[in-house]
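**Student:** Before I ask anything, let me first share the structure, which is written out below as structure tokens.
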Amino acid sequence: MSRIGKLPITIPAKVEVKVSGNTVHVKGPKGELSQKMEDGVQVKVDGNTITLERATEQKRHRALHGLYRALINNMVIGVSQGFTKQQELVGVGYKASNQGQMLDMVLGYSHHFIFEIPVEVKVTTKTEKGSNPTIILESADKQLLGAVSAKIRSFRTPEPYKGKGIKFTGEVLRRKAGKSAAKK
């Protein structure tokens with residue numbers, strides 16, 4: 001039995017879960033999400049708990065059991081509390097600003113990076129004197145939030161010598177020593 005798959009999911013107040021065919025719909029105060037599922041796993045809603053059961057003990061069904069339980073749990077948490085990711089721009093002259101869903105970043109190149117954020121993700125930027133510019137992303141969809149933050153990070157990944165680039169807040173980078181003096 002899958003350790004993750006057999007755990008029940010508790011449905012918080014103000015969250016509504018519907019199963020129609022092989023699609024699970026979750027609706028809450030932060031939004032509405034749906035997940036299409038394969039035939040090997042059945043979802044049962046009993047009062048305020050969700051349980052998942054697999055049809056057979058095939059390797060594929062065992063793998064999907066835990067996966068779909070984690071995806072549905074993330075949907076329930078997303079529509080009730082939401083998810084946030086913060087990214088810092090570390091480097092001299094690095095800036096970030098947003099106009100609605102358009103994120104404008106200056107990352108040390110000869111041009112600006114203008115990135116359109118999907119409608120499901122809310123973006124805010126914060127620039128305070130004495131600290132690095134920060135990009136704050138909020139969404140109910142954890143998968144989409146991770147994809148958007150990874151795309152933003154890919155514009156300038158942190159380098160290991162000075163740590164310049166876009167990093168997640170609280171992330172510890174593995175640093176390398178620079179050049180050592182030549183021996184005479």
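**Student:** Note down the nm distance, to one decimal, between modelled labels 7 Å out along Cα→Cβ at Thr49 and at Asn22.
**Tutor:** According to this spin-label approximation, the distance is 2.7 nm.
**Student:** Here is a further query. If I compute solvent accessible area with a 1.4 Å probe over the protein chains, what percent of it on region 24-117 is carbon and sulfur?
**Tutor:** Here carbon and sulfur together make up 49 percent of the probe-accessible area.
**Student:** With a ≥ b ≥ c taken as the square roots of the eigenvalues of the C-alpha gyration tensor of region 41-88, please select rounded if a/c is under 1.5 and otherwise prolate if a/b is larger than b/c or oblate if it is not?
**Tutor:** Judged from the Cα gyration tensor, region 41-88 comes out oblate (a/c at least 1.5, b/c at or above a/b).
**Student:** Treating only the Cβ atoms of Lys and Arg (+1) and Asp and Glu (-1) as charged, compute the dipole magnitude of the chain about its Cα centre; round to the nearest 20 debye.
**Tutor:** 1200 debye
**Student:** If you don't mind, there's one more thing I want to ask. Relative to the longest principal axis of the C-alpha atoms of the chain, give the angle of the C-alpha long axis of helix 142-154, reported between 0 and 90° and rounded to the nearest 10°.
**Tutor:** Tilt of helix 142-154: around 20 degrees.
**Student:** How many Å² of accessible area per residue for region 114-183, probe 1.4 Å?
**Tutor:** 67 Å²
**Student:** Same structure, new question: Straight distance only, please: which lysines reach the Cα of Lys151 with their own Cα at less than 20 Å, same-chain residues fewer than 8 apart left out?
**Tutor:** Lys85, Lys95, Lys122, Lys126, Lys142, Lys164, Lys167
**Student:** Compute the acute angle (0 to 90°) between the alpha-carbon long axis of helix 59-80 and the principal axis of greatest extent of the alpha-carbon atoms of the chain; round to the nearest 10°.
**Tutor:** Once rounded, one gets 70 degrees.
**Student:** Stretch Glu38-Glu57 to full length: gain in nm at 0.36 nm per residue minus the Cα-Cα span?
**Tutor:** Extending this stretch completely gives an extra 5.4 nm.
The values are calculated or read from the model by the stated rules, or taken from the named source; none is laboratory data. For clarity, every value in this text was computed on a predicted model and none was experimentally measured. Note: ideal-geometry Cβ built from the backbone for every residue, glycine included; neighbour counts use all protein chains shown. Calculation scope for accessible area: heavy atoms of the full protein, side chains included, ligands and nucleic acids excluded. Shrake-Rupley method; radii C 1.70, N 1.55, O 1.52, S 1.80 Å.
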